[in-house]
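To start, the structure under review is shown below, and the notes come after it.
The values are calculated or read from the model by the stated rules, or taken from the named source; none is laboratory data. Note that the coordinates shown come from a computational prediction; the quantities given were computed from them, not determined experimentally. Every residue, glycine as well, gets a Cβ built from its backbone with ideal geometry; the counts of neighbours run over all protein chains shown.
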Amino acid sequence: MKPTYCLLLFSLVLLACNPSTSQTTTAQEMPPPTEEPAPSYSASDTPTLAEAQLDRALEDYSQAIFASGCFWCTEEVFERVKGVKGVYSGYVGGEEGMRPTYSSIGTGRTGYAEAVVVYFDPTIVSYDLLLEFFYASHDPTQLNRQGPDVGTQYRSGVFYLNDEQASKARAYQDKLNSTGKYDQAIATEITAASTFYLAEEYHQNYYPQHPENPYIQRVSRPKVEKFAKEYAQYLEKA
């Protein structure tokens, strides 16, 4: 492979999920609309959960909100877990009243993080296990970045929805810090969830619909496959 082509491919990998690294964006660098967008939104391109027309059956399940870098990767990790009934990419953690978009959060100045909301059946998979999967599927010691993605929008975060989730998240993080598993202290933010906004439709279920994307091939796939190998017994699919 010629050196110039290698450099171009590497540049596309860096830009695919980090639009803030460049002042210009070509059509090839932005993910195209999917043929089967999920779900249909009633209020805007980035609705709140209350505004979105999600499957009403999901209302019967518990929720968890996690941020661990690019949401394409995070969504695919949790989609595979037994007991998880739905996963949606979105934005959380920013200033209330400011409706985020992919372009606006890409500046790194909105306070919002790329995140996922996980709907799960607690009789099949516990919140404790979801916490374990969350920490194991990314590097929680990195502040405001994951791999090639840099900025506050890529920070690691547990956004709890009640006091029980807050207590469990803090206890688990303290446990991890005390084991010495990591060379550095965990930088994961543990904070109450603000309004969660669903990301634009083309981001939903992006990983399986765009396997040819350079970012998916070089960054997402190794992360997802590593997780699948380590936690195969908890997954619906490999």
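Identify, by number, the condition in (1) among the acidic types (Asp, Glu); (2) in contact with a helix residue (DSSP H, G or I) (Cβ under 9 Å, 6 or more places away or on another chain); (3) over 26 Å from residue 184 (Cβ atoms); (4) surrounded by fewer than 17 Cβ atoms within 10 Å (Cβ to Cβ) that residue 132 doesn't meet.
(3)
In the stretch 67-123, which residue that is touching a Lys or Arg at 6+ places or on another chain (Cβ under 7 Å) and among the small types (Gly, Ala, Ser) is farthest from residue 57 (Cα to Cα)?
Among them, the one singled out is 113.
Go through the stretch 117-134 and give me each residue that's part of a helix (DSSP H, G or I) and under 13 Å from the mean Cα position of the chain (by Cα).
133, 134
Of the residues 87, 81, 118, which is over 20 Å from residue 192 (Cα atoms) and at pLDDT 95 or above?
81
Can you run down the residue pairs with Cβ atoms below 9 Å, 6 or more apart or on separate chains, where the first is in the stretch 170-186 and farther than 15 Å from residue 132 by Cβ and the partner is at pLDDT 90 or above and outside any loop (DSSP other than H, G, I, E, B)?
185/177
Look through the stretch 191-215, keep the residues that are aliphatic (A, V, I, L, M) and crowded, with 18+ Cβ neighbours inside 10 Å, and return whichever of them is farthest from the chain's Cα centre (by Cα).
193
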